[in-house]
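The values are calculated or read from the model by the stated rules, or taken from the named source; none is laboratory data. The structure displayed is predicted, hence computed values, not measured ones. Cβ coordinates were reconstructed from backbone atoms using ideal geometry, including for glycine residues, and neighbour counts include every protein chain displayed. Note: areas computed on protein heavy atoms with side chains; ligands, DNA, RNA excluded. Shrake-Rupley method; radii C 1.70, N 1.55, O 1.52, S 1.80 Å.
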Amino acid sequence: MAVPERILLVALLFPVLARPAAAPPVQPARLAAHVRMLTEDFVPRDEAHPENLDRAASYIRQVFESTGGRVEEQPFQVRGRTYRNVIAHFGPQTRERIVVGAHYDAAGPLPGADDNASGVAGVLELAHLLGRTAPPAHVELVAYTLEEPPYFAGPMMGSVFHAASLKKQGVKVRAMICLEMIGYFTDEPRSQRFPHPSLRLLYPSTGNFIAVVGRIGQGSLAGRIKKSMKRSAPLPVHSINAPRWLPGVDFSDHRSYWEAGWDAVMITDTAFYRNDNYHTAADTADTLDYGRMALVVQGLDAAVRAEAGRIRR
């Protein structure tokens with residue numbers, strides 16, 4: 001073969017040989033962009049600043065719409081002010097559905113990057129994945145407001161309004177998954193704390209894992225989600241079914257679905273048991289690990305699809 005022919009052959013083959021690797025299913029840069037938008041552009045986003053909550057809600061709606069979801073809002077009144085949950089639907093209409101949600105308000109005039117811009121970013125990225133490849137059953141994504149004090153654990157939480165509306169409509173929720181702080185990880189030894197000393201015997205002392213938290217008596221949901229996440233992403237995942245009196249077990253929006261009688265879990269980096277920036281001005285976008293956060297969302301996508309696959313049409 002003549003030299004010019006060899007050169008031509010190399011030129012023809014080179015695009016195939018040098019083709020860049022496929023982009024990861026979840027892009028850390030996109031997660032970071034969502035967190036920065038919520039923590040730097042829409043602050044303060046607490047109950048005393050409804051105008052910023054409205055701006056955050058509009059942003060969430062815009063992202064949901066860009067993914068192809070069927071989008072709606074759920075306005076509700078609290079003390080003469082209007083607040084709103086933002087909802088996106090994916091997949092076919094089925095008798096049961098999966099609900100995945102995170103709260104977009106913050107505690108007081110604080111940035112709230114891990115708590116809970118990280119959870120909202122996870123829901124928005126999940127919307128991107130579900131819009132690209134539809135789930136086999138109805139999946140409803142919800143961004144809630146008024147999770148933080150002074151409304152936490154009371155009847156005015158956005159998730160309480162949402163759960164009540166589903167109940168009133170006769171909707172059957174197969175499972176609810178709450179994202180509550182999913183962005184803070186550390187490899188420092190003895191960086192993980194626990195609500196009870198006995199848990200130190202069962203779980204790692206380094207805060208480099210994600211936790212799936214369920215309650216005693218709700219079956220195998222937490223374990224199934226853990227298995228799905230572990231199979232799909234190289235990130236340590238641990239699960240626990242614990243009594244509600246254990247501090248932290250019901251500290252987010254999944255509690256509203258427990259009250260409604262449905263199985264629900266919280267996916268979390270364990271919040272103040274690991275992240276010392278919790279409810280302080282130091283909870284900023286620069287403190288989060290977007291690479292591992294992307295693995296959480298990748299695992300979440302697999303778990304949601306697995307749970308949706310258990311639903312009969």
Can you tell me which of 189, 155 is surrounded by fewer than 23 Cβ atoms within 10 Å (Cβ to Cβ) and under 20 Å from residue 261 (Cβ atoms)?
155
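Please count how many residues of the range 59-86 are in a helix (DSSP H, G or I) and either in contact with a strand residue (DSSP E or B) (Cβ under 8 Å, 6 or more places away or on another chain) or aliphatic (A, V, I, L, M) (or both). Talk me through it step by step, then tell me what you get.
Looking only at the range 59-86, we keep the residues that are in a helix (DSSP H, G or I), and these are 59-66.
Then keep just the ones that are either in contact with a strand residue (DSSP E or B) (Cβ under 8 Å, 6 or more places away or on another chain) or aliphatic (A, V, I, L, M) (or both); that gives 60-61, 63-65.
The qualifying residues number 5.
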Flag if residue 292 is crowded, with 20+ Cβ neighbours inside 10 Å and either more than 26 Å from residue 172 (Cβ to Cβ) or not charged (D, E, K, R) (or both):
yes
Residues of the range 34-57 classified as open to solvent by less than 20 Å² (accessible area, probe 1.4 Å) and in a helix (DSSP H, G or I), total
8
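Being hydrophobic (A, V, I, L, M, F, W, C) and crowded, with 23+ Cβ neighbours inside 10 Å is the filter here; which residues of the range 58-98 pass it?
Start the filter on the range 58-98 by keeping residues that are hydrophobic (A, V, I, L, M, F, W, C), which leaves 60, 63-64, 71, 76, 78, 86-88, 90, 98.
Residues satisfying the conditions are 60, 63, 64, 86, 87, 88, 90, 98.
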Given (1) outside any loop (DSSP other than H, G, I, E, B); (2) over 24 Å from residue 29 (Cα atoms), residue 249 misses just (1)
For a quick check of your reading: which strands (runs of 3 or more DSSP E) sit entirely within the range 92-208 and have at least 3 residues that are acidic (Asp, Glu)?
none
Considering each of 263, 286, 276, 269 in turn, give the residue that is of a type in the set (Asp, Glu), in contact with a strand residue (DSSP E or B) (Cβ under 7 Å, 6 or more places away or on another chain) and open to solvent by 50 Å² or more (accessible area, probe 1.4 Å).
263
Hits in the range 219-244 (condition: in contact (Cβ under 8 Å) with a residue 24 or more places away in the chain, within 18 Å of residue 258 (Cβ to Cβ) and open to solvent by 10 Å² or more (accessible area, probe 1.4 Å))
219, 224, 239, 240, 241, 243, 244
